[in-house]
Amino acid sequence: MHKEEFLSKLEKKLKILNESEKKDIINEHRTIIDEKIKNGQSEEAAIADFGDVNELAKEILRAYKVDPDYNKSSESFEKTKESFDEGVKNAAEWLSEKSQDFFDSVGDEESDITLGKIFEIMIKVFVVIILLYIFRIPFSILASLGAGVFAVTIFPFSLFQYLWIVVVEVLYITTIIITFFLMFKNDIFTEKKTTSNMKKESSKQKTAPKKTTSKKGKKAPSKETPPSDVGLIIFKIFVVLVFIIPLIIFASSLTFSLAVLIFFLFQGVVLTGLILMNLALLGFVFLIIHVLLSLFNNTKPSVWSLIPISIFFILGIIFTVDWAFNLSIVSEEKDELTKETLVITQEELAESTYWRNYEIRIDPEVEEGMVVVDIYYNKKYENLVVIDDQGGVVVHLGNLREAREFSRVFVAGLKEDEIRIPYYEIKLYAQEETIQELD
Amino acid sequence: MNVQFKKGALEMVVLLALIKRDMYGYELVNDVAKIIAIKEGTIYPLLKRLTNENYLESYLMESNEGPPRKYYKITVLGRERAAELKKEWQKFTKAIKAFIKECEKNA
């Protein structure tokens with residue numbers, strides 16, 4: 001381990017201490033190492049005398065009466081990231097060494113300084129792209145699952161499938177952005193430091209360092225750039241805006257779907273699997289919010305609830321799959337439908353309201369100014385299509401009535417493990433001129 | 001030597017060493033290392049703690065070579081503490097010595 005590396009590791013572990021104390025400690029250790037080197041000890045040995053960095057940091061924190069484990073949860077993440085960074089750096093160094101000869105022969109003297117850095121970033125970008133695809137999988141499962149749940153509900157609720165997809169997409173993008181941010185945070189905040197370290201390392205590793213390089217290595221400022229508080233605040237605001245707010249929206253839509261499921265429950269339709277899954281997702285969203293909030297207070301988030309959440313979720317999936325396999329979708333064949341034909345005037349048609357699901361065809365045989373209306377519907381749903389000759393209104397498909405009827409049919413179907421979708425079709429025939437006037 | 005023995009004695013040794021004269025980090029580390037082979041990692045946190053407990057004070061002084069050095073100076077409170085530790089230590093070692101002797105006699 002090199003001096004700067006050791007010191008920056010130590011500094012990272014002591015980040016709970018205030019800036020001046022931290023600086024003081026780092027300086028003290030730097031001078032001790034420097035003195036030892038001056039007295040003939042090697043850099044490695046001088047650092048080895050301090051023992052394990054983690055232990056040292058713990059001892060120091062204890063001297064301040066700080067619980068050395070204050071950072072445990074994020075530490076494991078830090079460690080993973082550290083080893084990841086180290087691996088990337090090693091790979092980058094290897095690559096840069098390999099291609100060194102080539103670049104040397106080209107004769108670009110600057111290239112050996114930044115080459116490692118360039119490779120490091122390239123590898124990171126590559127890894128991020130892979131992560132992007134891996135992250136994609138659970139999110140698309142979540143999206144299609146939720147969308148599927150909403151898609152089988154009745155009209156106003158079925159719109160939630162789009163909202164759901166949007167929310168999941170937003171979550172996905174947020175995750176990606178945060179991953180990017182964490183990955184490249186070091187590169188952004190401490191670019192100077194890393195490059196200066198890289199310079200030193202590369203000039204050391206080379207058996208015959210070029211004059212220009214070694215000069216630059218000495219000139220490079222060895223000051224650490226402290227992770228700025230402003231950056232931290234911006235990051236926190238960013239987290240709130242891009243993460244917590246969508247999560248709250250997500251939670252409210254989940255609450256809504258739970259309400260729908262409870263409504264079904266009162267209608268006698270027991271969708272245990274979906275309710276369990278809904279509860280699990282709701283719990284999970286709140287858990288994520290809790291974890292994010294604990295980031296702000298620097299407290300340890302309690303994640304015990306993950307256990308019941310996963311149990312609920314798995315049970316929910318089992319129940320849902322079981323339910324879905326027994327489910328039959330009842331579609332009405334065209335020949336089961338009753339056909340009703342009406343001949344009305346153009347004016348009468350204009351006065352008819354609430355038309356949906358219809359198509360207009362040109363038929364020159366129809367009388368001028370008249371419209372032939374063919375209505376196909378299932379006798380089962382008489383209430384759905386009300387044919388009303390009075391007052392000029394011919395076909396009345398009331399919005400509210402329609403919604404109620406849909407939900408009645410749907411719920412009735414669900415009770416028998418069937419998905420029944422009421423079906424009707426309206427076809428209009430008229431002369432071309434009449435149609436043009438209608439528009 | 002047993003690490004626990006070392007740790008117990010370290011605070012007293014550091015305080016006593018600083019009674020002789022003010023020292024900077026590296027100097028102190030070397031001085032203490034002469035009698036107790038111990039990792040520097042243990043000394044620095046100790047210095048920090050002793051400073052926080054007002055047994056030590058620190059000040060910066062320019063050096064001929066390199067950056068200014070941080071010197072540690074013992075306070076009045078620190079001297080009292082050193083005396084107390086020394087007394088405890090002597091009492092303790094005397095008791096232990098006597099006990100060892102007695103054990104050897106009966107053995």
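The values are calculated or read from the model by the stated rules, or taken from the named source; none is laboratory data. Bear in mind that the values here come from a model prediction, so they are computed numbers and not experimental data. Please note: Cβ atoms are built from the backbone with ideal geometry, for glycine as well, and neighbour counts cover all protein chains shown. These area figures cover heavy atoms from the full protein model, side chains too; ligands, DNA and RNA do not enter into them. Shrake-Rupley method; radii C 1.70, N 1.55, O 1.52, S 1.80 Å.
Counting only C-alpha contacts under 8 Å and six or more residues apart, can you give the relative contact order of chain B as a whole percent?
Working: 83 pairs, mean separation 29.0, N = 107.
Relative contact order here is 27 percent.
Can you give the mean number of other chain Cβ atoms that lie within 10 Å of the Cβ atoms in peptide A:50-63? Walk me through the intermediate numbers first.
Details: counts 6, 5, 2, 1, 0, 4, 6, 2, 2, 9, 6, 2, 3, 10.
If you average over the peptide's residues, the count of other-chain Cβ atoms is 4.
For the pair B and A, how large is the buried accessible area, both sides, in square angstrom to the nearest 100, if the probe is 1.4 Å?
Working: alone 7720 and 25490 Å², together 31490 Å².
Buried area (both sides, nearest 100 Å²): 1700 Å².
Across segment A:44-56, rounded Karplus estimates of 3J(HN,Hα) from the backbone phi angles (6.51 cos²θ - 1.76 cosθ + 1.60, θ = phi - 60°) give 4, 5, 4, 6, 4, 4, 6, x, 5, 4, 4, 5, 4 Hz, Gly and Pro being marked x. The relative contact order of segment A:1-69, computed from alpha carbon pairs under 8 Å that lie at least 6 residues apart in sequence, is 37 percent. Extending 7 Å from the Cα toward the beta-carbon at both residue A:123 and residue B:96 defines two label points whose distance is 5.1 nm.
Each residue of segment A:126-131 is assigned a 3J(HN,Hα), and the resulting list reads 4, 4, 5, 4, 5, 4 Hz, derived from the Karplus form 6.51 cos²θ - 1.76 cosθ + 1.60 (θ = phi - 60°), x at Gly and Pro.
Projected over all directions and averaged, the alpha-carbon convex hull of chain B occupies 7.9 nm².
Determine the alpha carbon to alpha carbon distance for each of A:58/B:91; A:15/B:86; A:38/B:86; A:15/A:89; A:3/B:48; A:3/B:86 and list only those over 30 Å.
On the way: A:58/B:91 32 Å; A:15/B:86 36 Å; A:38/B:86 35 Å; A:15/A:89 23 Å; A:3/B:48 21 Å; A:3/B:86 37 Å.
From A:58/B:91; A:15/B:86; A:38/B:86; A:15/A:89; A:3/B:48; A:3/B:86, over 30 Å: A:58/B:91; A:15/B:86; A:38/B:86; A:3/B:86.
Projecting label points 7 angstrom from Cα along Cα→Cβ for residue A:300 and residue B:79 puts them 4.5 nm apart. Extending 7 Å from the Cα toward the beta-carbon at both residue A:325 and residue A:2 defines two label points whose distance is 6.1 nm. Over 25 Å between Cα atoms, which of A:9/B:73; B:6/B:87; A:36/B:87 qualify? Result: A:9/B:73; A:36/B:87 exceed 25 Å.
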